[in-house]
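What follows draws every value from the coordinates through simple rules; no lab data is involved. Remember, it's a predicted structure, so these values are computed and weren't measured experimentally. Using ideal geometry, Cβ is built from the backbone for each residue, glycine included, and neighbour counts are taken over all protein chains shown.
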Amino acid sequence: MAYEWFLASPQALLGVLVTTLAMYAAVLVFVRAAGVRSFAEMSAFDVAIVVAIGSTIATTIVAESPSLMAGGFALLLLYGCQLVVSRWRSRMASVERTVDNRPIRLMGEGGRMLAENMRVARVTEDDLRRIVRSANIVDYTTIQAVVMEGTGSVNVLHGHSEALADSAWVLENVRDYSA
């Protein structure tokens, strides 16, 4: 029994080798077909697809079932779903709202912390300090806005002598519960 945990037959190892190479080639083909979106900052839907793809690849490589053909077909379906949803996202606002997380404003003009927005985004004051330091901001009063994007990345808008209007194009679709 313990012997089977540590060793595998040469046929099993050959099967893993062939399956691994085939799944690797399939991923390369599908990523190339899907385009740069596969490597862009990911929405919640993209993360779910990547997890499903990884699980499918791992299961196909090391398990007897699914077969290589079934695993490859599952990859094709997952990449197909990602392509279809990404096209629908660009054409229908309702799909975009359903699939994507909307950005949220964490700090306002003059470095004013927006407590309710921070609570919703689960961001602490210490998190904001780290973000501001990483943006190389010494004087937080020069901050116009700090926005957590739907992908989880954070952007700091700062240093402009004119106030950033709440109706500014760059802040469209950004959630702000403090208003």
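By how many nm would the segment from Ala115 to Ser178 grow when fully extended, if each residue of separation counts as 0.36 nm and the alpha-carbon distance is taken off?
Numbers: separation 63, 0.36 × 63 = 22.68 nm, distance 0.78 nm.
Gain on stretching Ala115 to Ser178: 21.9 nm.
So, R0 is 25 Å and r is the distance between the beta-carbons of Arg32 and Ala63; what FRET efficiency does that work out to, to 0.05? Working shown, then result.
Working: r = 26 Å, r/R0 = 1.06.
Once the sixth-power term is evaluated, E becomes 0.40.
Thinking of the chain as a set of Cα atoms, what percent of all their pairs are more than 25 Å apart?
Values: 8526 of 15931 pairs.
When all Cα pairs of the chain are counted, 54 percent exceed 25 Å.
Given the rule -39500 (n - 2.57) for each run of at least 4 DSSP H residues, summed and divided by the residues of the chain, what is its mean residue ellipticity at 222 nm, to the nearest 500 deg cm²/dmol?
Numbers: 7 runs with 97 residues, N = 179.
Using -39500 (n - 2.57) per qualifying helix, the result is -17500 deg cm²/dmol.
Rounded to the nearest 0.05, what FRET efficiency is calculated for Asn101 and Leu77 with R0 set to 30 Å and r the Cβ-Cβ distance?
Values: r = 24 Å, r/R0 = 0.81.
The computed FRET efficiency comes out at 0.80.
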